[in-house]
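Student: Quick one: this structure, given as structure tokens, is what I'll be asking you about.
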Amino acid sequence: MIQLSGAGKRYGHKLLFEDADWLITPESRIGLVGANGTGKSTVMKILAGSESLDYGSISRAKGISSGYLPQDGLTMTGRTIFAECLAVFDELHSMEKEMEALTRSMSELDHESQDYANVADRYQKLEHEFVARDGYTLEAQVGQVLTGLGFSRDDWKRQTEEFSGGWQMRIALAKLLLQKPNLLLLDEPTNHLDLEARNWLEEYLTSYPYAYVLISHDRYFLDITVDRIVEIWNKKMHFYAGNYDQYLAGKTARKEQLEAAYKTQHDRIEQLEVFINRFRYTATKAKQVQSRIKELEKMERVEIPEEEKTVHFSFPQPKPSGRIVAEFSDVAKSYGERGVNEHKVFAHVNFMIERGERIALVGVNGAGKSTLIKLLAQQEKLTAGEYKLGHEVHPDYFAQDQYKELDPEARILDDLGELSAASTQTQLRSLLGCFLFSGDDVFKRIGVLSGGERNRYALLKMLLHPANFLLLDEPTNHLDLRAKDVLLEALMKYTGTVVFVSHDRYFIDKLATRVFEIGDGKVEIYPGNYEDYLWRKQHPVASAQVPITVQLPVPNPQSSAPHGNTIAASPAVPHNGDHATSAGAAESKAKRLNPIKRQQMQDRLHEIEEEIARAEAAIAVCETGLQSFVSAEETQRQTRELATRKRDLQELMKEWEELSETLAAAT
């Protein structure tokens, strides 16, 4: 569909990548990854046709349409949201008007005339294409996409200019999804989406009928939506079959191979240089010396690129608080005058937060997540009820616009050094690098940073001097994968209590010990992480039958006061897909298999596992073959073969799941 051959691109004096050979097929689901500054967004623009290559060539199949969503900067005015989205179907609207005109013509013409036959033929062709392109469901399509991306029905009638930059990008994304180009190019589409909209987009993309390439700093989103990773690393493009988790494993193996090749070559170079230096002036060895000099000159050196070091920074731990950190009793919050334009956020809310808990707040945009954090931080007053802070509890609040609290005249490195005098400049610069401040950036004054950069810096400052009750409103915004990992590691080792809002599924799954769902004026409480929360939502009856024990973070052994507690709650969520209940146990007894049948099924299960491994290996070979262009016919053959092998793999996976479930139920 699109092919890069010997492609290269420079940005000023910096070489981003070179010698790239990349074929994007009609069914590609590709995640584009790489460190900041390696050229991911530039590659997207090249694929979209808005930038050109400096080296090599790019070829496109005829009739290919592409749609590109940049990270930000798109604004729309002059129409309602619904009308703006409907405008992507202008061609179908024109087709519909022509069909109406043809219908009128047919009603006026003689049915036996040639003119009537011509008009009827034209109408039939138009209607066939109109139906094939779902022309009769345009408004339903617009409504489905807008709802999925978080727009309410009331929003549909509002003018686009009434919405902020993040919502403007949602509108742009909605238009692209409705257009359904052959190649969808999405540069960090999840930046402006909440969890519910991300979940919907994941499902939409998994059933998208054409190819897409996307950049995202959301690891879970990549795992769900892509089956191939292209990494820009060491000024080359590297290709990995599988999702993000599989890419990480593949990259580790590739680095080990590169390091082994480097060591082998380095040893050979040393041998050659020792021989040359020893016998350079020995006449009888002149020929051998010259031979080795030529070998050195011709040798293509293996290079180990500089890697961004993984930073493990020991953040200071806070003083312990009492066991009860915060308690809400019959709390209500509303805005506006009572009874007159009153907006009720929630009412009759009761909960208790204990030391060491890490609580994720979830819910649709506008449900009241930020409001609840502000109440806990005492940034806003309750409308009704009581809020108690526990003994020796010191809250610290990170707002979405936390950068406003910073000194604009201070330089980053100096400001951070004053806060952490015990840390060396090397440590501070390494930590700043994790939060995307590198090189001369560390000497910038805070006032010249963008809002996102200042928020990143404000978050780092909080981590260097944490209180024992952290209230974090979207701390993962503006962070890349590396910075998120540093933040996640810091918070998982943190011995205090955390309440946080995040739209990063992986971050919540790793960090949360409880989930508070806010919506419809209520706060519903679920033990466990986001995966547990989703399972309980889907299995409300089963999840209510068994109690759960939630283990809070391990206490700091150096502290005399305990930092962690074990709390009992109900309902339970079995992990790793083990959702059996006591009722299910009784049912399983009735499904016990005889030993011979069980053995046959187990044998077949092992056979399928071997067939799956062979099928995955064959798919990897096909995908590798598609990277080298031989001819159009060969590419088509390989594409058909790849599709067939993927279907076979799906059938094997389905059979494996059915057998596994049967055996598990009969245990």
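Student: Could you tell me whether any residue of segment 570-579 is at positive phi and at pLDDT below 70?
Tutor: Checked segment 570-579: at least one residue is at positive phi and at pLDDT below 70.
Student: Of all residues in segment 52-95, count the ones that are among the acidic types (D, E) and without any contact (Cβ under 8 Å) to a residue 12 or more places away in the chain.
Tutor: Summing the residues that are among the acidic types (D, E) and without any contact (Cβ under 8 Å) to a residue 12 or more places away in the chain in segment 52-95 gives 2.
Student: Okay, moving on. For segment 30-114, which helices (runs of 4 or more DSSP H) that fit wholly inside it have 2 or more residues that are loosely packed, with under 15 Cβ neighbours inside 10 Å?
Tutor: In segment 30-114, 90-108 are the helices (runs of 4 or more DSSP H) which contain 2 or more residues that are loosely packed, with under 15 Cβ neighbours inside 10 Å.
Student: Another question, if that's okay. Just to be sure I understand, how many residues within segment 197-214 are surrounded by fewer than 19 Cβ atoms within 10 Å (Cβ to Cβ) and assigned to a helix (DSSP H, G or I)?
Tutor: The total comes to 6.
Student: List, please: which pairs have Cβ atoms under 6 Å, are six or more places apart or on different chains, and start with a residue in segment 244-267 that is touching a residue at least 60 places away in the same chain (Cβ under 8 Å) and end with one that is surrounded by 15 or more Cβ atoms within 10 Å (Cβ to Cβ) and not in a helix (DSSP H, G or I)?
Tutor: Y247/I229; Y247/Y240
Student: If you take the residues in segment 25-43 that are over 27 Å from G12 (Cβ atoms) and among the charged types (D, E, K, R), which one is modelled with the highest pLDDT?
Tutor: R29
Student: Something else about it: What number of residues in segment 335-356 are outside any strand (DSSP E or B) and touching a Ser or Thr at 6+ places or on another chain (Cβ under 9 Å)?
Tutor: The number of residues fulfilling the criteria is 3.
Student: Oh, and also: Return the total of residues in segment 98-150 being closer than 30 Å to L205 by Cβ and not hydroxyl-bearing (S, T, Y).
Tutor: Going through segment 98-150 one residue at a time, the tally reaches 20.
Student: Let me ask something else. Taking G8, is it free of Cβ contacts under 8 Å to residues at least 24 places away in the same chain and out of contact with any helix residue (DSSP H, G or I) (no Cβ under 9 Å at 6 or more places or on another chain)? Spell out how you get there, then give the answer.
Tutor: Numbers: free of Cβ contacts under 8 Å to residues at least 24 places away in the same chain: no; out of contact with any helix residue (DSSP H, G or I) (no Cβ under 9 Å at 6 or more places or on another chain): yes.
No.
Student: Also, quick follow-up: Restricting attention to segment 241-276, which residues are under 30 Å from Y204 (Cα atoms) and not in a strand (DSSP E or B)?
Tutor: Across segment 241-276, the qualifying residues are G242, N243, Y244, D245, Q246, Y247, L248, A249, G250, K251.
Student: What do you reckon, is E607 acidic (D, E), surrounded by 15 or more Cβ atoms within 10 Å (Cβ to Cβ) and modelled with pLDDT of 80 or more? Explain how you work it out, then say what you get.
Tutor: Numbers: acidic (D, E): yes; surrounded by 15 or more Cβ atoms within 10 Å (Cβ to Cβ): no; modelled with pLDDT of 80 or more: yes.
No.
Student: Could you look through segment 215-240, keep only residues that are without any contact (Cβ under 8 Å) to a residue 60 or more places away in the chain and outside any helix (DSSP H, G or I), and pick out the one that is farthest from S28 (Cα to Cα)?
Tutor: H238
Student: Tally up the residues in segment 175-186 that are under 18 Å from the mean Cα position of the chain (by Cα) and in a helix (DSSP H, G or I), please.
Tutor: Adding up the residues that qualify gives 1.
Student: Of the residues G166, G135, G148, which single one is under 19 Å from the mean Cα position of the chain (by Cα) and over 30 Å from G39 (Cβ atoms)? Quick ask: steps written out before the conclusion?
Tutor: On the way: G166 fails: over 30 Å from G39 (Cβ atoms); G135 fails: under 19 Å from the mean Cα position of the chain (by Cα).
Step by step, each of G166, G135, G148 is checked, and only G148 is under 19 Å from the mean Cα position of the chain (by Cα) and over 30 Å from G39 (Cβ atoms).
Student: Additional query: May I ask you to list the residues in segment 18-29 that are of a type in the set (A, V, I, L, M, F, W, C) and either more than 22 Å from the chain's Cα centre (by Cα) or surrounded by fewer than 19 Cβ atoms within 10 Å (Cβ to Cβ) (or both)?
Tutor: Correct list: A20, W22, L23.
Student: Output the number of residues of segment 501-521 satisfying the condition of being in contact with a strand residue (DSSP E or B) (Cβ under 6 Å, 6 or more places away or on another chain) and modelled with pLDDT under 90.
Tutor: So the answer is 1.
Student: So which of G390, G385 ends up being free of Cβ contacts under 8 Å to residues at least 60 places away in the same chain, assigned by TED's automatic domain parsing to the domain that holds L471 and farther than 13 Å from E517 by Cα?
Tutor: Only one candidate qualifies: G385.
Student: With the requirement that a residue be β-branched (V, I, T), surrounded by fewer than 22 Cβ atoms within 10 Å (Cβ to Cβ) and within 25 Å of the chain's Cα centre (by Cα), what does segment 360-391 give you?
Tutor: V364
Quick grid of which residues meet (1) within 19 Å of G166 (Cα to Cα); (2) surrounded by fewer than 23 Cβ atoms within 10 Å (Cβ to Cβ); (3) outside the structural domain of E531 (by TED's automatic domain parsing):
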position	(1), (2), (3)
A467	no, yes, no
P475	yes, no, no
L491	no, yes, no
Y494	no, yes, no
F500	no, no, no
D504	yes, no, no
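Student: Give the residue, chosen from Y335, Y281, that is in the same structural domain as L487 (by TED's automatic domain parsing) and modelled with pLDDT under 90.
Tutor: Step by step, each of Y335, Y281 is checked, and only Y335 is in the same structural domain as L487 (by TED's automatic domain parsing) and modelled with pLDDT under 90.
Student: Let me ask something else. In segment 29-50, which residues are of a type in the set (D, E, K, R) and within 15 Å of I2 (Cα to Cα)?
Tutor: Our first condition is that a residue be of a type in the set (D, E, K, R); within segment 29-50, this holds for 29, 40, 45.
Hits for segment 29-50 are R29, K45.
The values are calculated or read from the model by the stated rules, or taken from the named source; none is laboratory data. Given the structure is predicted, the values throughout are model-derived calculations rather than measurements. Glycine also receives a Cβ, built like all others from the backbone with ideal geometry; neighbour counts cover every protein chain displayed.
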